[in-house]
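Just below is one structure, and these are the notes that go with it.
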Amino acid sequence: MIWYPYQQMKTMKPPYEIVDAQGVWLKTRDKEMIDSVSSWWSVIHGYKHPALNEAIKSQADRFSHVMLGGLTHEPVRKLSEKLQSWLPGDLDYCFFSDSGSVAVEVSLKMALQYYVNRGEWKRTKVLSLAHAYHGDTFKTMEVGDDEDYHFILEAYGEKKDVIHIPTRIPQLEAAFGQYHEQLNCLIVEPLLQGAGGMRMYDIAFLKRARELCDQYGVLLIFDEVATGFGRTGNRFVADKVLPDILVLGKALTGGYIGHAVTVANKKVFQGFYGDSAEKALMHGPTFMGNALACSVALRSIELFEQENYMEKIRRIEEITRREMKGFSDPRVREVRIMGGCVCLEVHEGDVLKGFQQFAYERGVFSRPFLNYLYAMVPYIITEGELVQVLDTMKAWFYGR
């Protein structure tokens, strides 16, 4: 029996069974629907892309996987070199893993051990954001701030080493003033907080965060698992404000295979580099640097560059703003748009009950959660397809 995610198995309705997919379209046995959420924000090139299919097939003809312990291979080397040249600043040191959550765990472990290696044992605290979501493994849940997902941690009692603050500069400055000697890092989803409610905030907060991290010697971590590869309208938010550690996942492989990377700058890497075995990063996911994943990730990045995806994303935002202009409803608290993301936050979550089936019947796959009806479409979507998604979202309110 399949145990499905984020569901009460006793009361869940049967999921839609997909038998094929092409471009932005998911196909059941009796229906075709636009995937408005890109399979949890990862399938940026759409489904069954010929170039990505070929990258997987070609690598599988050679070998699919070998461990990175004592072995290496060309795909992981090429992907590392590409990321080193493609990412901003000196974000040059790539530690691969098999999911975004694990990659965030690695970043937090790096930050803690960086200071332990320096003999600064008191730096055990992490500064994080209110409404943060960084994954469902235990440390990522701890630095998260979403009771709807992570209420199980209440069994452990009060968090002792994580401080949560809103995305406001006065609270940021106050937290650094009070805790800076105990902090090893500040971790953020930059500009767009995904599972915490598609919350959007100003880059001025991140610029001030960078200044304070520099002032007090604290590492800055950007979790761009969801925001990277253009979703905020920036290639990476790290292009605007440079972190010490950058975490990428989801769209890294174009949504083909689970894979992620934690990329450190030279300062962090040098904190582990030396003659002492005790200073090494003792971490090693079995499928880190998987050859299939690295091959398709490299091809995905090439597509992103060659086909001017930033212009595609700019156009998606432009169409979305045009189509949502003037839309209002007393049940809708706020309409938020940023890059390739649009979110309608409602006052009461019950308003959205039934929307998924409503959308299905109109040829759109959607998955609202809590008080949030949103779309994060594949970047290859046509104008007509995008309008269909947005019209379906609006029709739920206009027709009821």
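Here is how the numbers come out for the structure above:
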item: Two-site label geometry, Asp239 and Phe327: point separation in nm, points 7 Å out along Cα→Cβ; result: 2.6 nm
item: Accessible area, probe 1.4 Å, largest first, for residues Met33, Met288; result: Met288, Met33
item: Rounded to the nearest 10 Å², the accessible area of Asp136 at probe 1.4 Å; result: 70 Å²
item: Highest-MSF residue in the chain out of Phe365, Phe272, Phe151 [GNM, Cα springs under 10 Å]; result: Phe151
item: Residue-wise HN-Hα coupling along the stretch 102-118, computed from phi with Karplus coefficients 6.51, -1.76, 1.60 (Hz; x: Gly, Pro); result: 5, 5, 5, 3, 4, 4, 5, 5, 4, 5, 5, 5, 3, 7, 4, 4, 8
item: Gain upon complete extension [Phe151, Thr124; 0.36 nm per residue less C-alpha separation]; result: 7.4 nm
item: The stretch 358-375 - phi-based ³J(HN,Hα) in whole Hz, Karplus 6.51/-1.76/1.60, Gly and Pro as x; result: 4, 5, 4, 5, 9, x, 9, 8, 9, 9, x, 9, 6, 9, 10, 10, 9, 9
item: Rounded to 10°, Cα long-axis angle of helix 291-306 versus longest principal axis of the chain; result: 70 degrees
item: Computed [θ] at 222 nm, deg cm²/dmol, the chain (DSSP H ≥ 4; -39,500 (n - 2.57); rounded to nearest 500); result: -11000 deg cm²/dmol
item: Stretchable slack from Gln215 to Gln22, in nm (0.36 nm times residue separation minus alpha-carbon distance); result: 64.5 nm
item: Percent accessible area from carbon and sulfur atoms, the chain, protein chains only, probe 1.4 Å; result: 52 percent
item: Helix 50-62 vs. the chain, principal-axis angle (Cα, 0 to 90°, nearest 10); result: 50 degrees
item: Distance in nm between pseudo-label sites at His283 and Lys78 (7 Å out along the Cβ direction from Cα); result: 2.7 nm
item: Those lysines that a straight Cα-Cα span of less than 16 Å connects to Lys394, excepting residues fewer than 8 apart in one chain; result: Lys325, Lys353
item: Label point at Met9 placed 7 Å out along Cα→Cβ; residues across the stretch 134-153 whose backbone nitrogen lies under 20 Å; result: 136-137, 149-152
item: Candidates Ser64, Ser99, Ser36, ranked by Gaussian network fluctuation over the chain, Cα under 10 Å, top entry; result: Ser64
item: Residue with peak Gaussian network fluctuation, the chain [Cα springs, cutoff 10 Å], from Trp86, Trp40, Trp25; result: Trp86
item: Percentage relative contact order, the chain, counting C-alpha pairs under 8 Å, at least six apart; result: 23 percent
item: Solvent exposure, largest accessible area first (probe 1.4 Å, DNA, RNA and ligands not counted), of Lys240, Lys78; result: Lys240, Lys78
item: Solvent-accessible surface (1.4 angstrom probe) belonging to Thr382, in square angstrom, nearest 10; result: 70 Å²
item: On Cα atoms only, tilt of 169-179 relative to the major axis of the chain in degrees; result: 30 degrees
item: Area of Arg77 that stays accessible when all protein chains are in place (1.4 Å probe, Å², to 10); result: 110 Å²
item: Heavy-atom accessible area per residue - the chain, 1.4 Å, Å²; result: 45 Å²
item: Base-10 log of normalised Debye intensity for the stretch 221-323 (one unit scatterer per alpha-carbon) at q = 0.10, 0.18, 0.20, 0.22 Å⁻¹; result: -0.37, -0.99, -1.13, -1.24
item: Bridge type composition, the stretch 176-261 - antiparallel percent by DSSP, nearest 5; result: 30 percent
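The values are calculated or read from the model by the stated rules, or taken from the named source; none is laboratory data. Note that the coordinates shown come from a computational prediction; the quantities given were computed from them, not determined experimentally. Reconstructed Cβ throughout: ideal geometry from the backbone, glycine too, with neighbour counts over all protein chains shown. The protein model used for the area step is the full one, side chains on, heavy atoms only, and it has no ligands, DNA or RNA in it. Shrake-Rupley method; radii C 1.70, N 1.55, O 1.52, S 1.80 Å.
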